[in-house]
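*Asks:* Please read through the structure below; I'll follow up with questions.
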Amino acid sequence: PIPICFFVPDNWDEEADVVIVGAGGTGLVAAVAALEAALKADPEAKPSVTVLEKASVVGGTTAVSGGEIQASSTAFQWAAGVEDDTPEAHLQYWIAAAEGLVDPELVKVMAEKAPDNIQWLMDRGVDYISVYGVSPIPYVDPALMVPRIHVPAGKGEAAQVGTGAVLVETLAGAARDKGAIFMLETPVTGLVRDPDEGVIGVRAGMGSDEIYVRAKKAVILATGGFDHNQEMSRAFSPQQLWALETGQCLGAPTNTGDGIKLAMDLGADLAGLGGTVGVASTM
């Protein structure tokens, strides 16, 4: 297990306004958003964000994904002839697909904010070229399964078909341009918790050394799931355990549940640990 640090070191090796654990899609978005929010609040400010990543590259599972995002009521849907889709219909599809085993309030936020997410990414350089529909689910009303999956455009010779690598390249570039610092091959091994102020930093490994990074404002855990953690898969998601045992797991090998365990050590509650992604095959 990954231990949590309940003591505050006498000396910090690094510090930043915001410290982000994980440089996958979530961590990259968090870095860009944090820097933009600080500059919007004070254009003269010099905000600092440090992102720690245990892999040697940024991107995580996002980099090896298709980079596609579901959303309703977008210009790309309208161009494809889908004119009457709504976030409410999208919500009902997700609830039906999950057989009701979801928190409807959380899923409602996802459905309502998805069009804004598409626009947010476009404003930062991601483009989309098409939308398509989901694979049929026998117990879901076909009327709820309209084309919502937005396909990003690629770059250069691959401009016709984008991937998650396009999102990573765009977001990492935006984060670096705004001043984010990336510390690669630096796995976080503990959270530094002050009894009065809460989590104020992290402990991390850098080669054979151990370093402490102070967060002046916030620590953000963006470490992904437990895709390659057999013990956690056995405990929380038998479908994921099957994926591991049959070699069907396509997530980044660095997804081993580190951040989840760090949060659990703090007493965080858990939710949404199951779920599946369909894998199509031909016989």
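The values are calculated or read from the model by the stated rules, or taken from the named source; none is laboratory data. Please read these numbers as outputs of a predicted model, since none were measured by experiment. Every residue, glycine among them, receives a Cβ derived from its backbone with ideal geometry; neighbour counts consider all protein chains shown. Quick note on the areas: whole protein, heavy atoms, side chains included, nothing else; ligands and nucleic acids left out. Shrake-Rupley method; radii C 1.70, N 1.55, O 1.52, S 1.80 Å.
*Asks:* For the chain, take N as its residue count and report Rg(C-alpha) divided by 2.2 N^0.38 Å.
*Replies:* After normalising by residue count via 2.2 N^0.38 Å, the value is 1.07.
*Asks:* Using a basic spin-label model with each label point 7 Å from the Cα along Cα→Cβ, how many nm lie between MET264 and LYS216?
*Replies:* For the pair MET264/LYS216, the computed spacing is 3.5 nm.
*Asks:* Here is a further query. Using a 1.4 Å probe on the protein heavy atoms, what percent of the accessible area of the chain belongs to carbon and sulfur?
*Replies:* Reported share for carbon and sulfur atoms: 54 percent.
*Asks:* What is the magnitude of the charge dipole of segment 184-283 about its Cα centre, with +1 placed on the Cβ of each Lys and Arg, -1 on the Cβ of each Asp and Glu, and no other charges, expressed in debye to the nearest 20?
*Replies:* Numbers: 7 positive and 12 negative charges, 39 e Å.
In total the dipole reaches around 180 debye.
*Asks:* Given an 8 Å cut-off on Cα distances and at least 6 residues of separation, report the relative contact order of the chain as a percent.
*Replies:* Contact order relative to length: 28 percent.
*Asks:* Report the calculated FRET efficiency for GLU197 and ALA75 (r = Cβ-Cβ distance, R0 = 45 Å), to the nearest 0.05.
*Replies:* Efficiency at R0 = 45 Å is approximately 0.50.
*Asks:* Also, I was wondering about something else. What distance in nm lies between label points placed 7 Å from Cα along the C-beta direction at LYS178 and GLN119?
*Replies:* Spacing of the two 7 Å Cα→Cβ label points: 1.7 nm.
*Asks:* Turning to a different aspect of this structure: Give the span of segment 233-273's Cα atoms along each principal axis, as three whole-Å numbers ordered largest to smallest.
*Replies:* Principal-axis extents of the Cα atoms in segment 233-273, largest first: 33, 19, 13 Å.
*Asks:* How high is the FRET efficiency from ASP141 to ASP10, r the C-beta distance, R0 41 Å, rounded to 0.05?
*Replies:* So the FRET efficiency works out to roughly 0.10.
*Asks:* Still on this model: In the chain, which longest range has no GluC sites (Glu not before Pro) that are both DSSP loop (not H, G, I, E or B) and surrounded by at most 14 other Cβ atoms within 10 Å? Kindly include the intermediate steps, with their values, before the conclusion.
*Replies:* Working: sites that count: GLU44, GLU83, GLU99, GLU185, GLU197.
The segment 198-283 is the longest one with no such site.
*Asks:* Still on this structure: Specify the angular offset, from 0 to 90 degrees and rounded to the nearest 10, of the alpha carbon long axis of helix 87-97 from the longest principal axis of the alpha carbons in the chain.
*Replies:* 90
*Asks:* Within straight cross-link reach of LYS46, meaning Cα distance under 27 Å, which lysines are found once same-chain residues fewer than 8 apart are removed?
*Replies:* LYS54, LYS178, LYS216, LYS217
*Asks:* Assigning unit charges at the beta carbon (Lys, Arg +1; Asp, Glu -1) and nothing else, what dipole magnitude in debye, to the nearest 20, does the chain show about its Cα centre?
*Replies:* Magnitude of the dipole: close to 300 debye.
*Asks:* Each label point is 7 Å from the Cα along the Cα-to-Cβ direction; what then is the distance between the points at LYS155 and ALA33, in nm?
*Replies:* Computed distance between label sites LYS155 and ALA33 equals 2.3 nm.
*Asks:* Here's a follow-up. Add -39500 (n - 2.57) for each DSSP H run of 4 or more in the chain, then divide by its residues: what number comes out at 222 nm, to the nearest 500 deg cm²/dmol?
*Replies:* My calculation for the chain gives -10000 deg cm²/dmol from helical runs alone.
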